[in-house]
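The values are calculated or read from the model by the stated rules, or taken from the named source; none is laboratory data. Keep in mind the model is a prediction, meaning the values are calculated, not measured. Note that we place each Cβ from the backbone using ideal geometry, even for glycine, and neighbour counts take in every protein chain shown.
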């Protein structure tokens, strides 16, 4: 079937791409020949058994590791040799498995601090907190987006683990990302928090590209439009969840898990 102009217009654009991505550690190849396309306004999951290379791929994409070979582009710009701080400023922003918030600040002050960088205030640490007042409206918008308005004035340390992860998503969104990389966002959460965060990620993906490493396959099935399965550092399968979950190679790789 011929591709029409309408098909081209409606297909989400690729915002983050990797080709031939490889990382060697001495004589061990952790990632081998990985091709990856992350599309705008989509949730893309990177899954695989323990030791499959998921975190290494994340570290390569965000430049915490330099690839042995291969090419990475962000919004069409080659970032293969770009530093982590620069790619973050370009809009490639990640979270980590461990919640990273300022525990002794209030919820809204955590978000206001994160808003300093996109508002050109990030180097003005000597100014009083009142200098951040002009960021309050945007901070409140972000808290509303992730459902934290009621906890606005709470101390971050007093939040439950799940709510701290939600606050981390809010501070990450404050950096105005083009692509949001989430490293096991559901790790350690109870089912209620998982449901809340899943809904937030689905909403965020309406106007952001999201790439997430996630072990909870029920979440992957629920919110991800595209899934890439890694095994031993190589792509084993990819497609929508129904396609990859039906693949005998994927079932074998996940033998013993709830998705069997």
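Listed here are the residues, each with its yes/no results for (1) in a strand (DSSP E or B); (2) modelled with pLDDT of 95 or more; (3) more than 15 Å from residue 38 (Cα to Cα); (4) assigned by TED's automatic domain parsing to the domain that holds residue 136.
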residue	(1), (2), (3), (4)
58	no, no, no, no
63	no, no, yes, no
73	yes, yes, no, no
96	no, no, yes, yes
99	no, no, yes, yes
102	no, no, yes, yes
111	no, no, yes, yes
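To keep it simple, each residue is scored yes or no on (1) in contact (Cβ under 8 Å) with a residue 24 or more places away in the chain; (2) under 21 Å from residue 179 (Cβ atoms); (3) crowded, with 19+ Cβ neighbours inside 10 Å.
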site	(1), (2), (3)
202	yes, yes, no
210	yes, yes, yes
213	yes, yes, yes
220	yes, yes, yes
229	yes, yes, yes
242	no, no, no
251	no, no, no
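All but one of (1) surrounded by fewer than 22 Cβ atoms within 10 Å (Cβ to Cβ); (2) farther than 20 Å from residue 74 by Cα; (3) at pLDDT below 95 hold for residue 24; state the number of the condition that does not hold.
(3)
Which of the residues that make up the range 79-89 are outside any loop (DSSP other than H, G, I, E, B) and surrounded by 11 or more Cβ atoms within 10 Å (Cβ to Cβ)?
84, 86, 87, 88, 89
Residues to consider are 166, 229, 219; find the one that is assigned by TED's automatic domain parsing to the domain that holds residue 34 and not in a strand (DSSP E or B).
219
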